[in-house]
Amino acid sequence: MNSQTYKKLIAKQLNQDFKSAVEIVKIPISKPASSELLIQNKFAGVNGGFDTLLCRGDVPYINLIPPFDLGVEAVGKVVAVGEKVKDFQIGDAVITTARGGGYREYQLIDANLAVKVREVTPELLTLIPTGVSALVALEQVGEMKSNEVVLITAAAGGTGHIAVQLGKLAGNHVIGTCSSEAKAKLLRELGCDRIINYHTENLNQVLKQEYPNGINLIFECVGKDVFDICVDNLAVRGRLVVVGFISEYAKNPQQITQPRIYHQLFWKAASIRGFLMPHYKEYIPEARDRLLNLFYTGKLKVAVDQTQFKGIDSISNAVEYLLSGHNCGKVVVRF
């Protein structure tokens with residue numbers, strides 16, 4: 001290490017606008033404590049929705065007072081090892097998912113929180129924790145079976161394109177929604193059975209006409225009108241898993257007036273279930289290992305968005321880009 005300092009992104013204040021909430025600071029590089037690793041981050045995953053909600057103070061299970069660190073998943077190389085660390089050595093490739101450890105050039109972390117991987121590649125950020133979330137949401141919350149009709153919204157996004165493949169690997173008919181031909185092309189390559197570009201087709205009309213018996217399992221990331229359409233098209237005993245609501249992350253929640261939702265659920269014995277990874281931590285190790293194995297054996301493809309974001313200075317633009325909905329696959333910042 002030639003440098004004695006590094007840059008990281010922090011939330012200096014709570015603000016509705018991510019760019020207005022954050023600032024870049026420069027701090028000294030510290031030596032690892034006895035059980036810690038010092039990691040030089042090479043790539044960080046962007047979670048624009050979570051980042052924005054965090055900077056607004058709208059994540060109920062986290063009560064942070066500014067200034068606080070930002071970013072979650074990162075992959076990098078070990079550059080220093082604490083004296084009691086036995087399972088890692090300098091040069092090891094590792095992935096980490098500690099909140100606050102992503103949007104920085106270096107991080108100190110307890111060795112127990114790092115996962116050794118074969119090499120430092122951005123593709124891994126699509127699997128951990130993004131792919132883990134898709135797998136746990138589908139299997140544990142959605143109770144995914146085989147021979148069902150599964151709908152994935154925002155299917156060409158970082159989480160969605162993994163969910164599409166997991167649905168197919170489980171032996172299901174998978175529908176994916178997207179907003180462009182480029183995204184539709186990705187979904188075709190992943191084996192999606194029915195692709196609905198909602199800019200050229202009417203989502204509700206397609207579901208009503210082509211799936212009159214309804215949808216068994218819905219993996220819903222968008223919110224607003226898309227959520228309403230999904231609820232209306234649930235099958236008998238259908239399950240809708242709320243994985244996010246990206247259409248409202250950067251805005252105030254839309255106020256609606258309509259009949260209460262139990263009118264749509266009761267007569268079908270259908271259900272809506274919320275998913276948040278921190279409430280399902282016990283499933284992470286098995287899901288992570290299974291996804292890595294699927295990836296390394298070529299059974300799972302990962303898509304990293306081709307738009308280049310380089311350095312700490314680019315993170316705000318990367319968050320804005322992700323919220324715009326233009327990405328195909330996982331948005332990654334390179335250091």
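The values are calculated or read from the model by the stated rules, or taken from the named source; none is laboratory data. Keep in mind that what you see is a predicted model, and the values were worked out from it rather than measured. Every residue, glycine as well, gets a Cβ built from its backbone with ideal geometry; the counts of neighbours run over all protein chains shown.
Scanning region 183-200 for residues that are free of Cβ contacts under 8 Å to residues at least 12 places away in the same chain, under 16 Å from VAL304 (Cβ atoms), assigned to a helix (DSSP H, G or I) and among the basic types (Lys, Arg) turns up at least one hit. THR126 satisfies every condition listed in (1) surrounded by fewer than 23 Cβ atoms within 10 Å (Cβ to Cβ); (2) within 16 Å of VAL302 (Cα to Cα) except (1). Among the residues of region 142-173, those that are surrounded by fewer than 20 Cβ atoms within 10 Å (Cβ to Cβ) and either aliphatic (A, V, I, L, M) or under 17 Å from ALA74 (Cβ atoms) (or both) comprise LEU169, ALA170. Return the residue satisfying two criteria in turn: it lies in region 270-301 and is of a type in the set (Lys, Arg) and assigned to a loop (DSSP other than H, G, I, E, B), and of such residues it is surrounded by the most Cβ atoms within 10 Å (Cβ to Cβ). Selected residue: LYS301.
Each row is one residue, and each column tells you yes or no for (1) at pLDDT below 95; (2) crowded, with 18+ Cβ neighbours inside 10 Å; (3) under 30 Å from CYS328 (Cβ atoms).
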| residue | (1), (2), (3) |
| --- | --- |
| ASN2 | yes, no, no |
| ALA21 | no, yes, yes |
| PRO28 | no, no, no |
| ASN47 | yes, yes, yes |
| GLU73 | no, yes, yes |
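Please work out which residue is nearest to the chain's Cα centre (by Cα), limiting yourself to region 88-98 and to residues that are of a type outside the set (A, V, I, L, M, F, W, C) and buried (at least 18 other Cβ atoms within 10 Å of the Cβ). Looking at residues that are of a type outside the set (A, V, I, L, M, F, W, C) and buried (at least 18 other Cβ atoms within 10 Å of the Cβ), I get THR97. Against the test of being of a type in the set (Ser, Thr, Tyr), farther than 14 Å from ILE10 by Cα and out of contact with any helix residue (DSSP H, G or I) (no Cβ under 9 Å at 6 or more places or on another chain), the options THR126, THR121, THR130 yield a single qualifying residue, THR121. Considering region 8-28, the residues that are assigned to a helix (DSSP H, G or I) and in contact (Cβ under 8 Å) with a residue 60 or more places away in the chain include one that is farthest from the chain's Cα centre (by Cα), namely LYS19. Per the listing TYR280, TYR249, the residue uniquely among the hydroxyl-bearing types (Ser, Thr, Tyr) and at pLDDT below 95 is TYR249. ILE315 passes every criterion in (1) loosely packed, with under 14 Cβ neighbours inside 10 Å; (2) in a helix (DSSP H, G or I) apart from (1). Selection of first residues in region 219-237 that are aromatic (Phe, Trp, Tyr) and of second residues that are part of a helix (DSSP H, G or I) and modelled with pLDDT of 95 or more, restricted to Cβ pairs under 7 Å at least 6 apart or on distinct chains, gives the following pairs, ordered by first then second residue: PHE219/ALA137; PHE219/LEU138; PHE219/ALA163. Just one of the listed residues (ARG260, ARG239) is crowded, with 16+ Cβ neighbours inside 10 Å, of a type in the set (D, E, K, R) and either under 23 Å from ASP69 (Cα atoms) or not assigned by TED's automatic domain parsing to the domain that holds GLY48 (or both), namely ARG239.
Being within 21 Å of HIS326 (Cα to Cα), of a type in the set (D, E, K, R) and in contact with a Lys or Arg (Cβ under 7 Å, 6 or more places away or on another chain) is the requirement here; does GLU201 meet it? So GLU201 does not fit the description; no.
Listed conditions (1) part of a loop (DSSP other than H, G, I, E, B); (2) more than 15 Å from the chain's Cα centre (by Cα) are all met by GLY244, apart from (2).
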